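> Before we start, here is the structure in question, set down as structure tokens.
The values are calculated or read from the model by the stated rules, or taken from the named source; none is laboratory data. All values reported here derive from a predicted model rather than from experimental measurement. All Cβ positions, glycine included, derive from the backbone under ideal geometry; neighbour counts span all protein chains shown.
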Amino acid sequence: MPNNEIENAAAILRAGGLVAFPTETVYGLGADASNPDAVKKIFAAKGRPQNHPLIVHLADASHLAHWVRDIPMAAHRLGERFWPGPITLILHRAENVPDALTGNQDTVGLRVPGHPVAHALLQAFGSGIAAPSANRFGRISPTTAEHVRAELGERVDMVLDGGSCDIGIESTIVDLSGNRPTLLRPGKISAAEIEEVLGEPLVRPGPSSARAPGMLAVHYAPQTPLHAVSGKVLAETAYRLIAQGKRPAVLAYHHAPIADARIAWFAAPSQEAGYARELYANLRRLDQPIYDVILVEQVPPGEEWNAVRDRLAKAAASKEDF
Ligand code: TXA
Ligand code: MG
């Protein structure tokens, strides 16, 4: 990416504008994290409720002290091990952190992204960049610059194009502000890897426990109803829908394709990393008015699929029969 593009983007941020940029997880919609008016523009562009706090992106961990008071040892350890990389830490915020950013909470989320374009932008800008995923509220996160434009159009002043995101799903979020470290959102960096560094188990909130602000049951969702079904009943479910006059689109990772023109068949990578990388682009392909229902073949049990399973559960229309 040419230097002057990065410089232009940094100048837009300094002037209080919005710049979408690639990270290794998904594209972010960035604004100067120290400027409350700029931060408010993020909420307006996304249509996001004001009480959903934003993550602040930093060039490196040395900037932590500006945003956080009493940095716990666990944060140093996790930062040293995983930053730059796809993990966000929730910590007690410093006095100067704008309320607009944190939804008036006493904590702030921080991450040092590993993508070279994100890093160049953070270095050129010189301070924290607040950035949620660059999608309209509740929708699928963008993993290409084209997705960002499709989501936000003229609502964003500039989009830095860094190609497709490598990881494809959002960062792991660990809350270190309470008595015990808590996993708020699973991601590429697994709970087991984090526990190994911390030397203690993570609290993993169950589906029924109180959610963190901004953690909704339905999120990352296509507009077409999506249902996850086991590979064993994929074909019969698709034919049942056809019998009801519906056009199903199927996302399979293992099941052999059903050669039937009435079924739109999409094959996902069979390994977890590739599946995650392509998940949101696949959901966008599946989310078209020509299809009535999206059927996703259930992914395997097991820890390494946790983050993908979490995103699919949030994309699902309902857990009820259909
Ligand atoms: O990979 C990522 O994390 C991407 C890239 C752009 O960095 N960002 C991202 O941001 O996914 P966003 O805003 O779409 O999701 C961040 C989540 C939200 O659910 C928000 O509620 C939660 O993090 N969060 C942020 N600050 C928090 C805080 N202080 N306490 C609890 N949850 C927080
Ligand atoms: Mg998001």
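> Which members of segment 217-245 meet the condition of being surrounded by 15 or more Cβ atoms within 10 Å (Cβ to Cβ) and either part of a loop (DSSP other than H, G, I, E, B) or within 16 Å of ligand 1 (Cβ to nearest atom) (or both)?
If the condition is that a residue be surrounded by 15 or more Cβ atoms within 10 Å (Cβ to Cβ) and either part of a loop (DSSP other than H, G, I, E, B) or within 16 Å of ligand 1 (Cβ to nearest atom) (or both), then 219, 220, 221, 222, 224, 225 are the ones that fit.
> Okay, next question. Only one of these is under 22 Å from the mean Cα position of the chain (by Cα) and surrounded by fewer than 21 Cβ atoms within 10 Å (Cβ to Cβ): 4, 51. Name it.
After applying the criteria, what remains is 51.
> Counting only residues that are of a type in the set (Gly, Ala, Ser) and at pLDDT below 95, which one in segment 274-322 is nearest to residue 254 (Cα to Cα)?
Going through the qualifying residues, I end up with 302.
> Next question, about the same structure. Within segment 33-48, count every residue that is surrounded by fewer than 23 Cβ atoms within 10 Å (Cβ to Cβ) and outside any helix (DSSP H, G or I).
Qualifying residue count for the region: 4.
> Also: Just name the residue that is farthest from ligand 2 (Cβ to nearest atom) out of those in segment 108-139 that are among the polar types (S, T, N, Q) and crowded, with 21+ Cβ neighbours inside 10 Å.
135
> Then there is this: All but one of (1) part of a loop (DSSP other than H, G, I, E, B); (2) within 13 Å of ligand 1 (Cβ to nearest atom); (3) under 14 Å from residue 112 (Cβ atoms) hold for residue 26; state the number of the condition that does not hold.
For residue 26, the failing item is (3).
> Does segment 15-32 contain any residue that is closer than 22 Å to residue 135 by Cβ, within 16 Å of ligand 2 (Cβ to nearest atom) and surrounded by fewer than 16 Cβ atoms within 10 Å (Cβ to Cβ)?
Looking for residues that are closer than 22 Å to residue 135 by Cβ, within 16 Å of ligand 2 (Cβ to nearest atom) and surrounded by fewer than 16 Cβ atoms within 10 Å (Cβ to Cβ), one finds none in segment 15-32, hence no.
> Another one. Residues of segment 140-172 being assigned to a helix (DSSP H, G or I) and within 15 Å of ligand 2 (Cβ to nearest atom), which ones?
147, 148, 151, 152
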